[in-house]
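Inspection log for the structure reproduced underneath, given as structure tokens.
The values are calculated or read from the model by the stated rules, or taken from the named source; none is laboratory data. Bear in mind the structure is a predicted one, so any value in this text is a computation, not a measurement. Ideal geometry is used to build each Cβ from the backbone, glycine not excepted, and the neighbour counts take in all protein chains shown. Quick note on the areas: whole protein, heavy atoms, side chains included, nothing else; ligands and nucleic acids left out. Shrake-Rupley method; radii C 1.70, N 1.55, O 1.52, S 1.80 Å.
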Amino acid sequence: MFNRHDLAEMELSELEQALESMGHPRFHARQLYQWVHKRGVTDFAGMTDLGRDLRSALATEFRIVTPGVVQRETSRDGTTKFLLRLEDGQLIESVFIPDTPANTFCISSQVGCAMKCGFCLTGKMGIIRNLTPGEIVGQVRVLARELGMLQSRFNIVLMGMGEPLHNYDAVMKALRILGDEHGLAVSPRRVTLSTVGVLPNLERLATEPFMPNLAISLHATTEDQRDLLVPINRKYGLKELLDACRRFPVKRRERITFEYVMLKDVNDADEDARRLVRLLNGIKAKVNLLPLNEAAGIPYERPSDARVNRFAQILAERGLVVSVRKSRGRDIRAACGQLITESAREKSPAQRLAVLL
Ligand code: SAH
């Protein structure tokens, strides 16, 4: 059964070719895209505008893989976190964030993450594996189906578990599938890819036809400080990263978002704010401040609201567009950097408590 190819991770052109080589007209690919991606139907028998022969031929050639919902938790603010189980039993999390002002799906690109940023819980898991394009697309399909949103508009942020530019090909393929006009038709303008800046792949991204909005997890204003907080900086430094951002093709009226996690007494001084302004000089930038979401095992503290506001004010006074990210879903551990599905969460309540303390 596992050698049947996952139809839900094929681009339209691949599906057209496959149909042709099976002796069926190419146009059925569009119908299939509608059934699977737009209507969320994953059983060939239910695809009633396809002939019986074709349906049974499809069922022998293909399968349609959909992550299973293990758990669904809704926060006081309406944020809903989904724990999803993949075919091999691995667990990932995807989050629905309502009205920010758009409805947003925050999806994962890897099981775990290799980047080991010092303040991020997902980083503590290490990297377990890459997600396939089908698993990336599948998260969107599952959330849209579960929330009754297959027909509605939503934004997608690649800000869940994993580093999207560390799983480049699968992520880009998933975005092409999600963007296809015969499927969900999610325009690249409604997609934001967040990255620590895996430079060779950031350069590749700059040449993609399907170009999402870009968010850079900056978090520091000196090489030394960033080496500590975002270890990949030792390989691709701050200066090179910002140079790549300067060259990045930003559409008219758009900006690169720079995410800056605020850590008490580490990177939240007035001097850091002023250095940040200087660093971003000449880049069409906006800054998104992320006051740390604290968690057990994370050796940093969240600054006071007054400190965050003062920092934001310094940026704004010097002409930067700045916003402070409201933590959504903190009560269900769905906020930035709180996604973690280590097996500890499957353990007994006592063991779980030990992990949390
Ligand atoms: N790996 C990508 C995608 C994850 S996006 C990236 O790093 O950009 C998640 C965002 O939340 C990143 O900016 C990340 O640095 C930030 N983050 C991680 N841990 C956090 C925490 N504890 N509190 C607030 N933000 C955090």
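Spot the failing condition for Leu91; the list is (1) closer than 25 Å to Asp6 by Cα; (2) touching a helix residue (DSSP H, G or I) at 6+ places or on another chain (Cβ under 7 Å), and only one is missed.
(2)
Would you pick out the residues in segment 313-342 that are within 30 Å of Ala114 (Cα to Cα) and in a helix (DSSP H, G or I)?
Arg330, Asp331, Ile332 - these are the residues of segment 313-342 that are within 30 Å of Ala114 (Cα to Cα) and in a helix (DSSP H, G or I).
Consider Ser94 against the criteria (1) open to solvent by 10 Å² or more (accessible area, probe 1.4 Å); (2) assigned to a strand (DSSP E or B); (3) small (Gly, Ala, Ser): it satisfies all of them except one. Which criterion is unmet?
(1)
In segment 152-178, which residues are near the ligand (Cβ under 10 Å from one of its atoms) and closer than 20 Å to Glu254 by Cα?
Val157, Leu158, Met159
Can you name every residue in segment 122-138 that is under 15 Å from the mean Cα position of the chain (by Cα), within 14 Å of the ligand (Cβ to nearest atom) and open to solvent by less than 20 Å² (accessible area, probe 1.4 Å)?
Thr122, Gly123, Leu131, Ile136, listed by residue number.
Looking at segment 179-195, can you tell me whether even one residue there is touching a strand residue (DSSP E or B) at 6+ places or on another chain (Cβ under 9 Å), open to solvent by 20 Å² or more (accessible area, probe 1.4 Å), more than 30 Å from Arg30 (Cα to Cα) and within 16 Å of the ligand (Cβ to nearest atom)?
no
Pick from segment 22-65 the residues that are farther than 23 Å from Leu184 by Cα and not small (Gly, Ala, Ser): which of them is least open to solvent (accessible area, probe 1.4 Å)?
Filtering first and then ranking leaves Leu54.
Any residue in segment 225-238 that is free of Cβ contacts under 8 Å to residues at least 40 places away in the same chain sitting within a Cβ distance under 6 Å of a residue that is of a type in the set (A, V, I, L, M, F, W, C) and buried (at least 17 other Cβ atoms within 10 Å of the Cβ)? List the pairs, counting only those 6 or more apart or interchain.
Arg226/Ala220; Arg226/Leu238; Tyr236/Leu199
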